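What follows draws every value from the coordinates through simple rules; no lab data is involved. All values derive from a computational prediction rather than experimental measurement. Cβ placement follows ideal geometry from the backbone for every residue including glycine, while neighbour counts extend to all protein chains displayed.
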Amino acid sequence: GTYENDGNNAFCMWSRLSGLSGDFEDIIANGIPVGRAVVTIESTDVGFTSIGCGTWAPLATSYSSLSSYGDGTWVVVDDMQPGTYEASNEGASCYWARLVGFNGEPDQIITNSNPKGRTIVTITSTDTGFLTQGCGTWNSLQINNVQATEMSDGTWVVNEDIQPGIYQAQSISDQCYW
């Protein structure tokens, strides 16, 4: 089944297990979530280990979509609606992933990123979940039709935030990715 915790913990680590020997090879998948966690334990799993995660309960379906999202794992359609979201991402360690499921295995990730600066992602109706850590608060993308004359780290919407054209980077550090 699929379970959730309340996300009110300073440190959480969970592991789905194929055996109980304590060997590293027994770990099918694991996570160290920040905020609310959601995990699917498969019927073929032999065990599940949880440290510091608090109480796990069966995932409740409330269909009460939130208006903004912080750190945690969120269920598409139940917690959040498909759409385009933005986060200010003022921290140095943002990670997000669009998910097809919650069993923690790599094949459950549709796509992911460790962006810097303003971050934009589109959640589709075929996504099952969205995981975010360290990106700040996510809100629906607001188009303000005020075009910037310069950009910094982040994602910018052409014809909304910036004009199409040729731009030159100045004061480039030793790392530049575009």
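Tell me the net charge near Ser64. Cut-off is 15 Å between Cβ atoms, Ser64 excluded, with +1 for each Lys or Arg and -1 for each Asp or Glu.
Its environment carries a net charge of -2.
Between Gln81 and Leu20, what FRET efficiency comes out of the Förster formula 1/(1 + (r/R0)^6) with R0 = 45 Å and r the beta carbon distance, rounded to 0.05?
According to the calculation, E is roughly 0.65.
Give the separation of the Cα centroids, the range 85-127 to the range 15-67, in Å.
After rounding, the separation between the Cα centres reads 19 Å.
Label points 7 Å out from Cα along the Cβ direction at Thr111 and Thr124: separation in nm?
Those two pseudo-labels are separated by 0.8 nm.
Name the residues whose placed amide hydrogens come within less than 5 Å of the amide hydrogen of Asn103, ignoring near sequence neighbours (fewer than 5 apart) on the same chain.
Under 5 Å from the amide H of Asn103 lie the amide H atoms of Thr40, each far enough along the sequence or on another chain.
Sorted by mean Cβ packing within 10 Å, highest first, what order do the peptides 23-34, 113-124 take? Before the final figure, lay out each step's value.
Numbers: 23-34: 14.9, 113-124: 16.8.
Highest mean packing first, the order is 113-124, 23-34.
For Ala29, enumerate residues with amide H under 5 Å from its amide H, sequence gap 5+ or separate chain, H modeled in the peptide plane.
Here the answer is Arg16, since their amide H atoms fall under 5 Å of that of Ala29.
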